[in-house]
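Novice: Handing you a structure now.
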Amino acid sequence: MEDTTPTNSSERWIDIDKLLTRNGNLVGPGFEPGPELRDFLQQDCKVLCIGAGGLGCEILKDLALSGFVNIDVIDMDTIDVSNLNRQFLFRLQDVGKPKAVVAAERINARVPGANVTAHFGRIEDMPLQFYQEFTVIVLGLDSLEARRYMNSIACSLLEFDEEGNPDMSTIKPLVDGGTEGFKGHARVILPGVTPCFECTLWLFPPQTKFPLCTLAETPRTPAHCIEYAHLILWSQQRSHEEFDTDDEEHMQWVYSNALARAKQYGIEGVTFQLTQGVVKNIIPAIASTNAIVSAACVLEALKLITMCSTGLNNYMMYTGSQGIYTHTVAYERDPQCPVCSAGVEVVAPADTTLQQVIDLMLAHPQLGKMLAHPSVSYGSKQLYARGIYEEDSRPNLAKPVRELLEGDEPAALLTVNDKKLSASLRVRLRLKEPQQ
Amino acid sequence: MSDQSGNAVDNKSKRYDRQIRIWGAEGQQRLEHARIALLNCSPTGSETLKNLVLGGIASFTIVDGNKVQPRDLGNNFLVDAARLGHSRAQVVTDLLKEMNDLVSGSYVEDTPEELLQNNPSFLEGFDLVIATQMPEQQLLQLDELCRAKGVKLLVVRSYGLMGYMRASLPEHVVIESKPDSKVDDLRLTCPWPALLEYAYSFDLAAVDKHVHMHIPYVVLLLLALHEWRASLGPDTTPDRLPGNAAERGAFKQVLQGMRRYQGEDGLPLEEENFDEALKSAFHAWTRPSTPSEVRVILEDPKAQNLEPSTPDFWLLVAALRKFVASEGGGRLPLDGNIPDMHATTDLYLQLQRLYRQQADADVAAVEGHLAALLGALGSPGRAIASSGVRHFCRNARNIRVVRYRTLAEECSSDAAAARGASLAAALSEEGSTANANLYLLLRACDRFAATHGRYPGAHDSTVEDDVPLLKQAAQQLLGELGASSGQVQDDYVAEMCRLGAAELHVVASVMGGMAAQEAIKLLTQQFVPFSGSLIYNAMASTTSIFAL
């Protein structure tokens, strides 16, 4: 029976319903318009928002006003005054409180029916089963590492059939947004279908650091003086204390020492604002770019789930400082991606032992960088395990790996785990007969 | 770390810290003096204003005649369920003020149409009017009014899965456009005497190992140029530059030949300054050029026909023009900045000083021209502060001017021919057809609404029947615009009917972000605002700008 209270009447959702109940020609594949779609969004769908900061606040609002009801949000930070120019769910009196908690409260209070659950903590501390429950995960993160982590989580949920094709029912969609000043991006990651974060890691060049000898011997710019105080002087004079960017006294210490160094060398331009920027690696941020990127992400999540329109394929970059310019690119998967493909291929002679296979992986240009002390399993069978089962599984190392696998398949899908990895890796082992 | 006891000034600068790093204290000041009028506070307007309130504008006034209805609870964050039936303008005003108590807000419970009819002078108190969800016919009147009163206008619309935005003001000038990338202004192809003298003071053969590997690459490149010219023969002119691939290769060889590979102790030397010099070798043969946008500005009649009413910007352009024609030798003033480069502190600072001194000399020359121009104008007491001239000269290659057609010029059928052809072309080209269709159809929808009293597809029962009617309106419009060779696509006609003028929160939020960003550029006078008609396509996640 239709709910006719003003807060949940069809009158309320009249705009969204046009999108979800009317058929069209420019829609997603398999679109089935009807009231069941909004019912699904509001009842069965669970969406996770990673981050309750600049992007997260916007994402939560956009989700709640796009028909989503069951929304979880996770963030490990507390609110700071410098958040208030864009993280609009927070007020001055909230400073010091957990972002996820306050954000959830505010959305629930403002949007009738919204059911936002807060998790004040780190994404690394949630078990895999937690992430498995969600229909889609939207990322409002500000670091490469966190993105890589969430990417590996989503991709680890992907299963493949014997031919190495992804099992569509195990795809955990991610929508990832990022901003920096007037620039931003929104992308859709369907593990196994579109490139994952790891496939396109080359999009993010490594951050350059100042050479130590410049800091120590030939400073030339204010930033050199600041990093000298932060990295060199601190470890010389206060090595017993861990430097804390949130500690006002630590920052002031770095600032005054940077000033002294600059004065000594005749370099102008050290300010407290610059000191903060350099030491904390502050990314300038404004409400407008966050609003654009977040809404674009939530729109993609909505389209993904309902097929109400064509989806972004698969990466949109936005830049708004000189006019307005967007560029949409369909990046391609890396077929050898260690995180989202059916497995990086390792070829070995037919009589190779398990130990030799492990050595090959460690020597592999891509795999080697990701592994230190790997454990190897084949399906549900542990071939070699680190930790408490190490002794029991050690004899397998000397055996020809062919004996440990089933049948005479030319290729076997191995799962590799390692402390260095955030989620397991797939390796496709191919054994070659001598004449091949 | 909590800081609830901090004083107000401290909290204010902390609050705006992340954005002050983008537009500086001066930009922030301009923003904090801005008075904004918002017409209609459905989500498109509310989201736009929310982003500006967070940024710290001085004040806003919302004009909206509606009451809060259930539909608002489905798409607008700036209303609350407890105040169903209240004035929407009032509710949005209250909730926005909660977001930033440094901003003043007020409202007028009136439709914009009524207000503008009864009290057009209402617009005079504002720096910027943001008109949202208004049909073309009303916008034409509004634009005329804004132009007459010298008020900037920003038009924003969300319509189903598309959005539209357009700014309208006679002219917008920018000194600090802050482009994303810039080429360092090193002038190695035309060094001034003091720079050359400094470079030649280095005897590469005689200096010790430490100095040799710390000579800044600017010096190395100048020395290499000298040596390369010498290798070509005694008649080589002192301004000869490596002109082709072969010469450039030879030049790089000369540079490599200047390296030391072993220290006095016999151990190999890593000379990073030479590595940098090689990477930056193009500076030795690439002449500084004036960006085309700046050349156009220099030639603008406004910089030549000076009058007492001429704004400072154009006087500065006039002075700049005189500099370029005389002391500048065809070039803009030296920007004075050098990038960081491998060098000892002292050598770097010496070089930096040289560049700053020459930049200052150029500023003084421009000031001289400015004084002469002001004198000729006969405006006693009119002056431009030295700091202003310096700021202008430092940014000479970044100055930009944006001009905007009136909405009438875009929409009227007079002189449609040129625009008609470009619209027809945009409709037929693969890369632009989708968004050109949306542009055309949005305008056709307004026509439809004017004829039928409702938007196409407004009700489920009319979605199908409205399709041929909307198509008809679109074709008629094409004819009026002189673009009858253009074709509108049936799929897009059908989609526009399907969307039934829905105002989706996510689309309103994208538009609200872009509109706030543009408003900020217009108010801070930094960065470059877009000009033309922007179409946001939420289906494909693309934007296009049409200059029509």
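The values are calculated or read from the model by the stated rules, or taken from the named source; none is laboratory data. Treat the numbers as computed from the prediction; the structure is a model and nothing was measured. Neighbour counts run over all protein chains shown; Cβ positions are idealised from the backbone, glycine included.
Novice: Across the stretch A:266-281, what is the total count of residues that are within 7 Å of another protein chain (Cβ to nearest Cβ) and surrounded by fewer than 17 Cβ atoms within 10 Å (Cβ to Cβ)?
Specialist: 1
Novice: Still on this model: Could you please find all residues in the stretch A:268-301 being among the small types (Gly, Ala, Ser), part of a loop (DSSP other than H, G, I, E, B) and under 21 Å from the mean Cα position of the chain (by Cα)?
Specialist: Initial filter on the stretch A:268-301 (among the small types (Gly, Ala, Ser)): A:269, A:277, A:285, A:287-288, A:291, A:294-296, A:301.
After this cut, where a residue has to be part of a loop (DSSP other than H, G, I, E, B) as well, the list is A:269, A:285.
Within the stretch A:268-301, A:285 is the sole residue that qualifies.
Novice: Inspect the stretch B:103-122 for any residue being under 30 Å from residue A:17 (Cα atoms) and out of contact with any strand residue (DSSP E or B) (no Cβ under 8 Å at 6 or more places or on another chain) and give the result as yes or no.
Specialist: Yes, the stretch B:103-122 contains at least one residue that is under 30 Å from residue A:17 (Cα atoms) and out of contact with any strand residue (DSSP E or B) (no Cβ under 8 Å at 6 or more places or on another chain).
This table checks each residue for (1) farther than 30 Å from residue B:455 by Cβ; (2) within 13 Å of another protein chain (Cβ to nearest Cβ); (3) at pLDDT below 95.
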site	(1), (2), (3)
A:10	no, yes, yes
A:30	no, no, yes
A:44	yes, no, no
A:58	no, yes, no
A:66	no, yes, no
A:75	yes, no, no
A:87	yes, yes, no
A:100	yes, no, no
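Every residue, every condition in (1) more than 39 Å from the chain's Cα centre (by Cα); (2) more than 30 Å from residue B:345 (Cβ to Cβ); (3) in a helix (DSSP H, G or I), yes or no:
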| residue | (1), (2), (3) |
| --- | --- |
| B:207 | yes, no, no |
| B:220 | no, no, yes |
| B:225 | no, no, yes |
| B:229 | yes, yes, yes |
| B:234 | yes, yes, no |
| B:243 | no, yes, no |
| B:256 | yes, no, yes |
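Novice: Cβ-Cβ distance below 7 Å, separation of 6 or more or different chains: which pairs start in the stretch B:94-114 with a residue that is over 9 Å from residue B:53 (Cα atoms) and more than 10 Å from chain A (Cβ to nearest Cβ) and end on one that is of a type in the set (Phe, Trp, Tyr) and outside any helix (DSSP H, G or I)?
Specialist: Once the first residue is over 9 Å from residue B:53 (Cα atoms) and more than 10 Å from chain A (Cβ to nearest Cβ) and sits in the stretch B:94-114, its partners that are of a type in the set (Phe, Trp, Tyr) and outside any helix (DSSP H, G or I) give B:105/B:60.
Novice: Output the residues belonging to the stretch A:282-293 that are of a type outside the set (A, V, I, L, M) and more than 7 Å from chain B (Cβ to nearest Cβ). Before the answer, list the steps.
Specialist: Taking the stretch A:282-293 as the starting set, the residues that turn out to be of a type outside the set (A, V, I, L, M) are A:284, A:288-290.
Correct list: A:290 only.
Novice: Could you count how many residues in the stretch A:297-308 are surrounded by fewer than 24 Cβ atoms within 10 Å (Cβ to Cβ) and either more than 15 Å from residue A:23 (Cβ to Cβ) or at the interface with chain B (Cβ under 10 Å from one of its Cβ atoms) (or both)?
Specialist: 2
Novice: Something else: Does residue A:222 count as surrounded by fewer than 22 Cβ atoms within 10 Å (Cβ to Cβ), more than 9 Å from chain B (Cβ to nearest Cβ), under 30 Å from residue A:59 (Cα atoms) and not β-branched (Val, Ile, Thr)?
Specialist: Numbers: surrounded by fewer than 22 Cβ atoms within 10 Å (Cβ to Cβ): yes; more than 9 Å from chain B (Cβ to nearest Cβ): yes; under 30 Å from residue A:59 (Cα atoms): no; not β-branched (Val, Ile, Thr): yes.
Here the answer is no, as residue A:222 does not meet what is asked.
Novice: Can you tell me which residues in the stretch A:309-319 are more than 7 Å from chain B (Cβ to nearest Cβ) and in a loop (DSSP other than H, G, I, E, B)?
Specialist: Across the stretch A:309-319, the qualifying residues are A:311, A:313, A:314.
Novice: Which condition breaks for residue A:249 when tested against (1) at the interface with chain B (Cβ under 10 Å from one of its Cβ atoms); (2) under 37 Å from the mean Cα position of the chain (by Cα)?
Specialist: Result: residue A:249 passes all but (1).
Novice: Could you count how many residues in the stretch B:117-146 are more than 23 Å from residue B:444 (Cα to Cα) and buried (at least 20 other Cβ atoms within 10 Å of the Cβ)? Let's see the steps before the verdict.
Specialist: First, pick out the residues of the stretch B:117-146 that are more than 23 Å from residue B:444 (Cα to Cα): B:117-129, B:145-146.
Subsequent filtering for residues that are buried (at least 20 other Cβ atoms within 10 Å of the Cβ) retains B:123, B:126, B:128-129, B:146.
Count: 5.
Novice: Oh, and also: Considering every residue within the stretch B:523-541, establish whether at least one is at the interface with chain A (Cβ under 8 Å from one of its Cβ atoms) and in a helix (DSSP H, G or I).
Specialist: no
Novice: Taking the stretch B:56-92, which residues are surrounded by fewer than 24 Cβ atoms within 10 Å (Cβ to Cβ), without any contact (Cβ under 8 Å) to a residue 12 or more places away in the chain and at the interface with chain A (Cβ under 9 Å from one of its Cβ atoms)?
Specialist: B:71, B:81
Novice: If a residue has to be surrounded by 15 or more Cβ atoms within 10 Å (Cβ to Cβ) and closer than 12 Å to residue B:398 by Cβ to count, how many in the stretch B:180-197 make the cut?
Specialist: Final tally of qualifying residues: 1.
Novice: Would you pick out the residues in the stretch A:68-78 that are buried (at least 21 other Cβ atoms within 10 Å of the Cβ) and touching a Leu at 6+ places or on another chain (Cβ under 9 Å)?
Specialist: Step one: filter the stretch A:68-78 for residues buried (at least 21 other Cβ atoms within 10 Å of the Cβ), giving A:68, A:71-75.
Correct list: A:68, A:71, A:72, A:73, A:74.
Novice: Still on this model: Somewhere in the stretch B:469-485, is a residue over 16 Å from the mean Cα position of the chain (by Cα), more than 27 Å from residue B:174 (Cβ to Cβ) and within 7 Å of chain A (Cβ to nearest Cβ)? Don't jump to the end; show me each part of the working.
Specialist: Step one: filter the stretch B:469-485 for residues over 16 Å from the mean Cα position of the chain (by Cα), giving B:469-485.
From what's left, more than 27 Å from residue B:174 (Cβ to Cβ): B:469-485.
Now restrict to residues that are within 7 Å of chain A (Cβ to nearest Cβ): none.
No, the stretch B:469-485 contains no residue that is over 16 Å from the mean Cα position of the chain (by Cα), more than 27 Å from residue B:174 (Cβ to Cβ) and within 7 Å of chain A (Cβ to nearest Cβ).
Novice: Take the conditions modelled with pLDDT of 95 or more, more than 18 Å from residue B:503 (Cα to Cα), within 14 Å of chain B (Cβ to nearest Cβ) and surrounded by fewer than 21 Cβ atoms within 10 Å (Cβ to Cβ) and apply them to residue A:6. Does it pass? Walk me through how you get there before you give the answer.
Specialist: Numbers: modelled with pLDDT of 95 or more: no; more than 18 Å from residue B:503 (Cα to Cα): yes; within 14 Å of chain B (Cβ to nearest Cβ): yes; surrounded by fewer than 21 Cβ atoms within 10 Å (Cβ to Cβ): yes.
No; evaluated as a whole, the condition is false for this residue.
Novice: Next question. Return the residues of the stretch A:132-148 that are touching a residue at least 24 places away in the same chain (Cβ under 8 Å), farther than 18 Å from residue A:199 by Cβ and surrounded by fewer than 17 Cβ atoms within 10 Å (Cβ to Cβ); say none if nothing qualifies.
Specialist: Correct list: A:132, A:133.
This table checks each residue for (1) surrounded by fewer than 16 Cβ atoms within 10 Å (Cβ to Cβ); (2) of a type in the set (D, E, K, R).
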position: A:334; (1), (2): no, yes
position: A:360; (1), (2): no, no
position: A:372; (1), (2): yes, no
position: A:387; (1), (2): yes, no
position: A:396; (1), (2): no, no
position: A:399; (1), (2): yes, yes
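Novice: Scan the stretch B:327-361 residue by residue and report those that are in contact with a helix residue (DSSP H, G or I) (Cβ under 6 Å, 6 or more places away or on another chain), more than 14 Å from every other protein chain (Cβ to nearest Cβ) and not in a loop (DSSP other than H, G, I, E, B).
Specialist: If the condition is that a residue be in contact with a helix residue (DSSP H, G or I) (Cβ under 6 Å, 6 or more places away or on another chain), more than 14 Å from every other protein chain (Cβ to nearest Cβ) and not in a loop (DSSP other than H, G, I, E, B), then B:354 is the only one that fits.
Novice: Now for a different question. Please work out which one of (1) part of a strand (DSSP E or B); (2) more than 30 Å from residue B:45 (Cα to Cα) is the condition residue B:172 fails and give its number.
Specialist: (2)
Novice: I'd like to check something: does the stretch A:121-142 contain any residue that is outside any loop (DSSP other than H, G, I, E, B) and either among the basic types (Lys, Arg) or touching a His at 6+ places or on another chain (Cβ under 7 Å) (or both)? Working first, answer last.
Specialist: Narrowing the stretch A:121-142 to residues outside any loop (DSSP other than H, G, I, E, B): A:123-125, A:128-132, A:136-140.
Narrowing the set further to residues that are either among the basic types (Lys, Arg) or touching a His at 6+ places or on another chain (Cβ under 7 Å) (or both) leaves none.
There is no residue in the stretch A:121-142 that is outside any loop (DSSP other than H, G, I, E, B) and either among the basic types (Lys, Arg) or touching a His at 6+ places or on another chain (Cβ under 7 Å) (or both).
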